[in-house]
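Heads up: the structure comes next, in structure tokens.
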Amino acid sequence: MNIDPTIDKTTADLSALKTQQKRVGDGNAATQGAEGKPPASSVSDSVALSPQYQALAKSVSSSSSFNADKVASIKAAIAKGEFTVDAGKIADGVLATAKELIQTQQRAA
């Protein structure tokens, strides 16, 4: 049996990252004011979403392809350990997709 030596390094890196995040979350004297709060002039982060993403998000939110109730019921079934997978249905879907791809490639050729 071979053991991947990168696993120990990854675990150590993850532990170091968690420790660093905890320090940042707790703050330290250099970044804290006299009352233990960040100074009023602290820097804030911001994110700007591209117009393409905004258009995509808008179209997805207005589309009826997402059924929140069905997703919630599946999540609940998974949490309770009651979710079952129909392997035959999945296999049929995979085969149908493979046939579609083959037909698409044959038409393009």
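The table that follows gives values for the structure above.
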{"quantity": "Virtual spin-label span in nm between Arg107 and Ala87, 7 Å along Cα→Cβ", "calculated": "3.4 nm"}
{"quantity": "Spin-label pair Ala76/Thr97, simplified geometry with 7 Å Cα→Cβ offset, distance in nm", "calculated": "2.8 nm"}
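Taken together, the values in this text are just the output of simple stated rules run on the coordinates, not laboratory data. If you're wondering where the values come from, they're calculated on a predicted model, not measured in any experiment. No Cβ is skipped: glycine too gets one built from the backbone with ideal geometry, and neighbour counts run over all protein chains shown.
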